[in-house]
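Asks: Please see the structure below; I have some questions.
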Amino acid sequence: MADHNPFPGENNTGHVWDDNIRELKNPPPRWWMQGFWLSIIWVVGYSILYPTWPVGDDANRGLLGWTQIKEYEQGVERIEAKRAEFEDRIRELSADQILADPGLKQYTLASAKVLFGDNCAACHGSGGQGNPGYPVLADDDWLYGGTTAKLTETITGGRQSLMPAHKTILTEPEVDTLAHWVVQMNETGGEGGSEAGWTLFKTKGCVACHGQTANGHVVDLPNGDFIGVGAANLRDGIWRFEPGGFESARHTILYGVNQKDVPESRNAVMPAFAEPAGKLSEQDIKKLVVYVHSLGGGM
Amino acid sequence: MMTHIQTRLQTHLQPNAALRNPWVLGWIGLIVVVLAVNLVMVYLAFATNPGLVNADYYERGRNYERTVLTRQARDPGWLIRADIPASLHAGQTESIRVFFVDKAGQPVDPEVVTFHAYRPSDAARDFTLSMNREDRGRYVVETAFPLIGVWDTLIVARLGEDEFSVGERLTVGTP
């Protein structure tokens with residue numbers, strides 16, 4: 001650093017390095033100074049309008065009266081208002097109309113997901129994928145039907161299918177033939193059932209509930225829906241009572257389904273969910289119908 | 001001015017000039033970092049060993065054939081299916097269920113059903129809960145995984161001397 005200033009009159013600070021590098025006293029650019037003063041004015045203005053300075057445990061009030069909690073409450077109010085609007089529309093529309101409205105459907109699904117988790121997942125699985133003993137809801141293999149009308153009926157009133165025990169009606173070999181036939185049918189998509197099996201199926205009354213083609217439909221309707229008694233489809237490879245196979249089929253045929261006086265009988269009860277017996281409102285049930293319909297198999 | 005100082009230092013430190021070379025320093029630094037990371041890893045390997053190894057693995061291996069045969073002979077052919085929700089989030093309580101049916105598809109009850117959660121990276125976070133009977137062949141436990149990341153779960157059912165289990169590896173997401 002030089003002790004005497006070799007560049008007088010230049011408005012430098014007097015700091016000079018390496019003979020000619022100087023520090024000058026130029027004022028900051030005008031835009032920079034404007035920004036500087038503006039920011040100070042901003043702080044003053046802000047602290048008058050909004051809480052800024054600590055005062056004891058609190059802060060100054062601010063002319064606008066804004067607080068964080070107030071803003072949060074207003075946000076909640078806005079969401080509630082939006083929700084009430086959706087809930088009103090769900091109340092007015094049918095499940096089919098809700099399904100046709102993407103925005104409303106999305107809201108309904110989100111809201112029904114919680115209802116499903118609380119009321120249905122214990123039996124039908126967390127994703128409706130079914131569990132041993134409880135039917136899958138996420139496919140298009142329906143015992144009772146996947147139209148919104150049928151789903152509403154199922155959830156509202158519950159279902160309890162009946163199949164008689166054949167232990168005293170059929171002989172052991174007949175039961176075995178039928179059980180083998182059910183396995184053949186399921187493994188071949190309905191093409192490979194033995195003649196003997198078909199004969200027994202048609203003459204021993206099975207056909208009355210399981211339908212002419214053993215697909216569980218008593219009468220097929222032109223609109224794709226069907227009339228049935230909840231009897232399982234025996235030809236689509238989906239077992240109502242897992243693990244399926246000969247032992248399972250044999251057990252169902254021997255002891256039937258929901259037979260009160262047969263202790264080994266299958267237990268298959270879908271509880272009724274409508275108030276007052278159940279605990280779901282009409283609105284909740286409508287949401288669940290939309291949800292189940294959208295799981296993958298709605299008709 | 002700067003060049004002045006540098007020249008002076010270089011002359012002064014002539015014998016160790018290599019240690020002032022940024023490349024040499026960089027390489028030494030790199031080696032130090034690699035060694036340090038190795039040491040940390042070795043430490044972690046000891047400190048967080050999950051201890052999931054069987055103490056009698058040798059005997060078990062020798063007896064494998066016999067165990068398998070007796071097991072097969074006694075195997076009741078149950079179907080055991082766990083239902084763990086697909087999307088899990090740390091700290092969020094969920095119901096975990098397990099279903100038991102026999103060969104003919106009728107629900108069956110074991111004597112004791114336990115749910116084990118193992119944290120592969122930290123044995124101290126492992127936990128075990130007993131599962132409650134909800135209905136015939138249906139057991140449930142409500143729990144929340146405390147940490148995001150990978151968990152190994154094992155549901156063990158005990159009936160007399162026999163033990164049945166189903167396991168699943170889960171990934172728990174952010175809350």
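The values are calculated or read from the model by the stated rules, or taken from the named source; none is laboratory data. Computed from a predicted structure; not experimentally measured. We place every Cβ from the backbone using ideal geometry, glycine too, and count neighbours over all the protein chains shown. Heads up: the accessible areas ignore ligands, DNA and RNA and are worked out on the full protein's heavy atoms, side chains in. Shrake-Rupley method; radii C 1.70, N 1.55, O 1.52, S 1.80 Å.
Asks: Return the lysines within reach of A:K150: Cα separation strictly under 25 angstrom, same-chain partners fewer than 8 residues apart disregarded; answer none if there are no such residues.
Replies: A:K105, A:K113, A:K279, A:K286, A:K287
Asks: So what is the relative contact order for chain A, in percent, with contacts set as C-alpha pairs under 8 Å and at least six apart?
Replies: 21 percent
Asks: Over the Cα atoms of the protein assembly as shown, each weighted equally, I'd like the Debye log10 I(q)/I(0) at q = 0.06, 0.13 Å⁻¹, rounded to two decimals.
Replies: At q = 0.06, 0.13 Å⁻¹ the computed log10 ratios are -0.54, -1.30.
Asks: Would you mind giving the total buried accessible surface between chains B and A, with a 1.4 Å probe and ligands, DNA and RNA left out, rounded to the nearest 100 Å²?
Replies: 1500 Å²
Asks: Between A:W37 and B:V150, what is the FRET efficiency for a Förster distance of 41 Å, r being their Cβ-Cβ separation, to the nearest 0.05?
Replies: Result of the calculation: an efficiency of 0.15.
Asks: Once you list every other residue whose beta carbon is under 14 Å from the beta carbon of A:G297, what net charge do they have if Lys and Arg are +1 and Asp and Glu are -1?
Replies: Once all neighbours under 14 Å are counted, the net charge is -4.
Asks: Turning to a different aspect of this structure: With all protein chains present, how much of the accessible area of the range B:84-161 (probe radius 1.4 Å) comes from carbon and sulfur, to the nearest whole percent?
Replies: Numbers: 1680 of 3470 Å².
C and S atoms contribute 48 percent here.
Asks: Something else about it: What is the packing order of peptides A:18-24, A:222-228, taking the mean over residues of other C-beta atoms within 10 Å and listing the highest first?
Replies: Descending packing order for the listed peptides: A:222-228, A:18-24.
Asks: Buried by at least 10 Å² relative to the chain on its own: which residues of the range B:78-92 qualify, computing accessible area with a 1.4 Å probe on protein heavy atoms?
Replies: Output list: B:L79, B:R81, B:D83, B:P85.
Asks: How about the range B:77-132: which chymotrypsin sites (Phe, Trp or Tyr not before Pro) there lie in a loop by DSSP and see at most 16 other Cβ atoms within 10 Å? Before the final figure, lay out the partial values.
Replies: Details: sites: B:W78, B:F99, B:F100, B:F115, B:Y118, B:F127; in loops: B:W78.
Qualifying residues, ordered by number: none.
Asks: As an exercise, identify the trypsin sites (Lys or Arg not before Pro) in the range A:209-299 lying in DSSP coil whose Cβ has no more than 16 other Cβ atoms within 10 Å.
Replies: A:K260, A:K279
Asks: I need the semi-axes of the equivalent ellipsoid of the range A:1-50: take the C-alpha gyration tensor, multiply each eigenvalue by 5, square-root it, list largest first in whole angstrom. If you can, show how the numbers build up before the last one.
Replies: Numbers: eigenvalues 312, 20, 12 Å².
In descending order the semi-axes read 39, 10, 8 Å.
Asks: To continue, here is another question. When a/c reaches 1.5 or more, the comparison of a/b and b/c decides; with that in mind, is the range A:100-142 rounded, prolate or oblate per its Cα gyration tensor?
Replies: oblate
Asks: Sticking with this one: Using alpha-carbon pairs under 8 Å, 6+ residues apart, how would you state the relative contact order of the range A:1-50 in percent?
Replies: Worked out over the range A:1-50, it gives 24 percent.
Asks: Shifting gears a bit: In whole percent, and with a 1.4 Å probe on the protein chains, what portion of the accessible area of the range A:1-50 is carbon and sulfur?
Replies: 64 percent
Asks: Pull up all non-local amide H partners of A:G146: gap of 5 or more, or a different chain, and H-to-H distance under 5 Å with H placed in the peptide plane.
Replies: Answer set, sorted by chain and number: A:M299.
Asks: Right, next: What is the range A:205-299's relative contact order, in percent, from Cα pairs under 8 angstrom and six or more apart in sequence?
Replies: 13 percent
Asks: Taking the solvent-accessible surface of protein heavy atoms with a 1.4 Å probe, what is the per residue accessible area of the range A:162-267 in Å²?
Replies: 50 Å²
Asks: How big is the range A:49-97 on each of its three principal axes, counting only the C-alpha atoms and giving the largest first in Å?
Replies: Extents along the principal axes, in whole Å: 59, 18, 10.
Asks: Let me ask you something else. What is the calculated FRET efficiency for A:K25 to A:I69, with r their C-beta to C-beta distance and R₀ = 51 Å, to the nearest 0.05? Walk me through the numbers on the way to the answer.
Replies: On the way: r = 51 Å, r/R0 = 1.00.
Approximately 0.50, to the nearest 0.05.
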